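S.K.: Have a look at the structure that comes next, please.
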Amino acid sequence: MAKININDVRAFVPASNFAASKAFYVALGWNLQWSDERLALMEVADKRFYLQNYYEKTWADNFVLFVAVDDAQACFERVSELIESKQFPGVRATPPKLEPFGAKVTYVWDPSGVLLQFAQWTRD
């Protein structure tokens, strides 16, 4: 069997309100690299995903984007600021929680209900 060289992997994240979701991710620190009416390429620290102007509730409610970070508490504080600003209705977050798989995780639900896990590794 031939070896496949993989150069990148990108998820397609659903958005019920495309403009609000783009603004949310930019407010979190992602850079909008490119956008048209259907897709937006979001990037942070050379990591990318596509935000798409497409939404199905059952899919969005079951979609998870895992993001490894240096400081889960700082992520929680940043998202809490955004929640308090009332700019992004529906966004919610939980304080960091130590999970059995070896990470402290802040759980965040974006404006479309997509779950983001901001995970700080506590062991290798």
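The values are calculated or read from the model by the stated rules, or taken from the named source; none is laboratory data. Keep in mind that what you see is a predicted model, and the values were worked out from it rather than measured. Cβ coordinates were reconstructed from backbone atoms using ideal geometry, including for glycine residues, and neighbour counts include every protein chain displayed.
S.K.: Which residue is farthest from residue 24 (Cα to Cα), if the candidates are limited to the range 69-103 and must be surrounded by 20 or more Cβ atoms within 10 Å (Cβ to Cβ) and touching a Lys or Arg at 6+ places or on another chain (Cβ under 9 Å)?
M.R.: 103
S.K.: Residue 87 versus (1) at pLDDT below 95; (2) at negative phi: which is the lone unmet condition?
M.R.: Unmet condition: (1).
S.K.: Further question: If you check 120, 87, which single one turns out to be of a type outside the set (Asp, Glu), touching a residue at least 12 places away in the same chain (Cβ under 8 Å) and not in a strand (DSSP E or B)? First the steps, then the outcome.
M.R.: Numbers: 120 fails: not in a strand (DSSP E or B).
None of the others qualify; the one that does is 87.
S.K.: Would you mind finding the one in 106, 94, 122 that is in contact with a Pro (Cβ under 6 Å, 6 or more places away or on another chain) and either modelled with pLDDT of 95 or more or on the phi < 0 side of the Ramachandran plot (or both)?
M.R.: 106
S.K.: Quick one: which residue in 37, 99, 84 is more than 15 Å from the chain's Cα centre (by Cα) and within 17 Å of residue 111 (Cα to Cα)?
M.R.: Sole residue among the options that is more than 15 Å from the chain's Cα centre (by Cα) and within 17 Å of residue 111 (Cα to Cα): 84.
S.K.: Suppose we keep only residues that are among the acidic types (Asp, Glu) and under 19 Å from residue 119 (Cβ atoms) within the range 44-76. Which one would you say is modelled with the lowest pLDDT?
M.R.: Taking the candidates together, the pick is 46.
S.K.: Let me ask something additional. May I ask you to verify whether residue 49 is under 13 Å from the mean Cα position of the chain (by Cα), surrounded by 15 or more Cβ atoms within 10 Å (Cβ to Cβ) and of a type outside the set (Asp, Glu)?
M.R.: Yes, satisfied.
S.K.: Still on this model: For the range 21-37, name all the residues that are in contact (Cβ under 8 Å) with a residue 60 or more places away in the chain and either acidic (Asp, Glu) or farther than 11 Å from residue 51 by Cβ (or both).
M.R.: 27, the sole residue that qualifies.
S.K.: Which members of the range 1-34 meet the condition of being assigned to a strand (DSSP E or B) and surrounded by fewer than 16 Cβ atoms within 10 Å (Cβ to Cβ)?
M.R.: Within the range 1-34, 12, 31, 32, 33, 34 meet the criteria.
S.K.: Of these, 105, 114, 64, which one is among the hydrophobic types (A, V, I, L, M, F, W, C) and in contact (Cβ under 8 Å) with a residue 60 or more places away in the chain?
M.R.: None of the other options fit; the residue is 114.
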